[in-house]
Amino acid sequence: MYGQIVSGDFSLEVCFRADYTALYDQAGLMLRISEFVWIKAGIEYTDGLQHLACVVTNNLSDWSVLPLEHPPEWLYLRCTRREKAVLVQYSIDGSSWQMLRLCPFDSADVFVGMMACSPERAGLNAEFRAFHLGLPVGELHG
């Protein structure tokens, strides 16, 4: 994971792609307060398909997925923290955003950045562009 520590409210955006071919190949964004409190969101390969995926961990983890029958070449992803909540959004074109997840999240300093991994194989190729970290974009509810 590549990133930095952030305090307060923010929006974090990136555009990415990867060669998802093996179970659990994944790329996207991660917000990590500790090993017990974190969020990862992006594309994950499971059940023979790419899925929009988000894992929220607060001592226990959950995993939500949305199958991508026609995955885009590039995916835009945004995480926005306001006080004690995070909104995860995705976009195909970088201008029209859809909510993937809205969840509670601690307001402590957080390490944020891009992530990619392949727990079942070596050699996942992932590309990231248009990384931006700044003030929160929009509201949590539109």
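The values are calculated or read from the model by the stated rules, or taken from the named source; none is laboratory data. Remember, predicted model here, so these are calculated numbers, not experimental data. So basically every Cβ, Gly included, is an ideal-geometry build from the backbone, and we count neighbours across all protein chains shown. Please note that ligands, DNA and RNA were not included when accessible areas were found on the heavy atoms of the full protein model with its side chains. Shrake-Rupley method; radii C 1.70, N 1.55, O 1.52, S 1.80 Å.
Restricting to Cα pairs below 8 Å that are 6+ residues apart, what does the relative contact order work out to for the chain? Please round to a whole percent.
37 percent
Once the Cβ-Cβ distance between Ser95 and Trp63 is put in as r, and R0 is 22 Å, what FRET efficiency do you end up with, to the nearest 0.05?
So, using R0 = 22 Å, E works out to roughly 0.20.
In what sequence, largest accessible area first, do Tyr24, Tyr76, Tyr2 appear using a 1.4 Å probe?
Per-residue accessible area, sorted high to low, gives Tyr2, Tyr24, Tyr76.
How much length is gained on full extension from Asn125 to Asp109, taking 0.36 nm per residue of separation minus their Cα-Cα distance?
Working: separation 16, 0.36 × 16 = 5.76 nm, distance 2.99 nm.
Extra length available between Asn125 and Asp109 comes to 2.8 nm.
Given a Förster distance of 35 angstrom, what is the FRET efficiency for Asp47 paired with Val137, based on the Cβ-Cβ distance and rounded to 0.05?
0.65
Using +1 on the beta carbon of Lys and Arg, -1 on that of Asp and Glu, and nothing else charged, what's the dipole of the chain about the Cα centre, debye to 20? Spell out each step's value before the answer.
On the way: 10 positive and 17 negative charges, 52 e Å.
Value, rounded to 20: 240 debye.
Rolling a 1.4 angstrom probe over the protein heavy atoms, how many square angstrom per residue are accessible across region 1-64? Display every interim value, and only then the final one.
Numbers: 2820 Å² over 64 residues.
The answer is 44 Å² per residue.
Which net charge results for the neighbourhood of Ala18, defined as the other residues with beta-carbon distances under 13 angstrom from its beta-carbon, given Lys and Arg at +1 and Asp and Glu at -1?
-2
State, to one decimal in nm, how far the label point of Tyr24 lies from the label point of Val37, with both points 7 Å from Cα in the Cβ direction.
2.6 nm
Long-range amide H contacts for Val86: which residues qualify at under 5 Å (H placed 1.01 Å from N, peptide plane, sequence gap of 5 or more or a different chain)?
So Val86 has HN proximity to Cys103, Phe105.
Could you order peptides 79-92, 99-112 by the average number of other Cβ atoms within 10 Å of their residues, highest first?
Top to bottom by mean Cβ count within 10 Å: 79-92, 99-112.
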